[in-house]
1. Can you put 200, 155, 57 in order of accessible area, largest first, using a 1.4 Å probe?
2. Could you work out Rg/(2.2 N^0.38 Å) for segment 59-143, with Rg from alpha carbons only?
3. Just by accessible area at a 1.4 angstrom probe, what is the order of 107, 392, 337 from largest to smallest?
4. For helix 29-38, what angle does its Cα long axis make with the longest principal axis of the chain, in degrees from 0 to 90 and rounded to 10?
5. So what's the back-of-envelope 222 nm ellipticity for the chain, counting only DSSP H runs of four-plus at -39500 (n - 2.57) apiece and dividing by all residues, rounded to 500?
6. Step through the table entries 172/251; 172/349; 172/358; 211/403; 251/358, compare each Cα-Cα distance with 29 Å, and write down the pairs that go over it.
7. Can you give me the C-alpha center-to-center distance between segment 247-265 and segment 395-416, rounded to a whole angstrom?
8. Can you tell me the 0 to 90 degree angle between the C-alpha axis of helix 217-234 and the longest principal axis of the chain, rounded to 10?
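The values are calculated or read from the model by the stated rules, or taken from the named source; none is laboratory data. Remember, it's a predicted structure, so these values are computed and weren't measured experimentally. As a convention, Cβ positions derive from the backbone with ideal geometry for all residues, glycine included, and neighbour counts pool all protein chains shown. When the accessible area is computed, the model is the full protein with side chains, heavy atoms only, and any ligands, DNA or RNA have been set aside. Shrake-Rupley method; radii C 1.70, N 1.55, O 1.52, S 1.80 Å.
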Amino acid sequence: MNSNISINGKSYRQPERPVVVVCIDGGDPEYLHQFLAEGTVPNIQRFVEEGYSTVAMGSMPSFTCPNNMSIITGTPVAKHGISGNYYLDTNTWQPVVMTGPELLRGETILAGFADSGAKVVTITAKDKLRRQLGKGLDVSQGHVSFSSEFADRCMLAENGIENVLEYVGMPKPDMYSMELSLFVLEAGIKLLQDRRPNLMYLLLTDFVQHKWAPDHDQARQFYQALDDAFGRLANEDIVLGLIADHGMSDKSNEDDEPNVIWLQDILDAEFGEGETTVICPITDAFVAHHGALGGFVRVWTRGNVSVQAVIDRVAAIDGVDLSLDKKTACRLFELPEDREADVVVVSRKDVCIGSSAKLHDLEGLKGNRLRTHGGVSETRVPFILNRPLNAEYRQQVACSEIKSYQIFDFAINGTQ
């Protein structure tokens, strides 16, 4: 392998031991605050005391796809181009799914290391991100890329591994379960022991954090299981990095009903139907735990209504934190202009935004408070390494804000 590897303008050294980064999807710092105070996550406590930990800033919007692509490329959203699950094609006025590898700009850190001769593994809970995370990764060369969701379908030609359920020794997990994430970790531990890859990225899912607050027993049980797995990973003589893609906020009222701004309905009443289009970029195939409601939406105008008129009307809505034009939003949040809307809307921490009430299925939320993400209030995430920083990176953290997408840089270049 080459001694130094340049990926998206960043130089990475050759790691002396395997580097494993785990993304705790939805891992708001409040969970660790709760469980560290209780003493129920001893391995994470050890990493905090003996390694390095801080609260980093994630990318906007604070959704899964943009942040994971930032983490896996080591770049801001403006550079890699994946700014949500959807954007609007104004030629057809149809939403475009943004989870295809062809839409990801630049190279992934995994592919860059693989091209230099390293062996890499990427395992995700949901399959929607697998192809982007595996962009440019030739699994015929000994690399592995698969998801818990389709663990029963893995093939050598597509995933670099087969018979995964038998290999891991667990049944296929349900999509709405904590086991979907735990399967990722158990598979990662097994592959680390058997193949000892140079680089590994393990992405969990945020089912638990959407469903339960930090003080709930189910959340505690999940984090204790995570902590146990993290301890077993660290015991394999690795550099372990723990990061989250976004936080999570309660956005329900005193009656346990979601605090929702139905923005498309408001704009239709103000300007007429069909004059504006609201896109909720949190939308994906698994909406039972968030109802496609988040803290960030995009608005396009067909041309008869001015952008400023939309901005002014939206800014007057109680619960809206920011109503921004495209250039301002792109400058403030480092977003790609060619995929951004005329107006970007961000809600207050306790409020979420939908399009039209008739277009959102909230049946999956019955009996649970809505907990979701997307806004500035969910950009703060834990950033933890099991090993201390070297002198160069200690100096760096003393005088600059840490971004979540620097986790691979710190794990590879910044540890002693």
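1. Numbers: 200 0, 155 110, 57 45 Å².
Reading off the accessible areas and sorting them downward yields 155, 57, 200.
2. Numbers: Rg = 13.5 Å, N = 85, 2.2 N^0.38 = 11.9 Å.
Taking the Cα Rg and dividing by 2.2 N^0.38 Å, one obtains 1.13.
3. On the way: 107 60, 392 125, 337 85 Å².
So, going from the largest accessible area down, we get 392, 337, 107.
4. 50
5. Values: 16 runs with 134 residues, N = 416.
Computed mean residue ellipticity for the chain: -9000 deg cm²/dmol.
6. Values: 172/251 32 Å; 172/349 35 Å; 172/358 34 Å; 211/403 27 Å; 251/358 19 Å.
Result: 172/251; 172/349; 172/358 exceed 29 Å.
7. Cα centroid of segment 247-265 versus Cα centroid of segment 395-416: 35 Å apart.
8. 40
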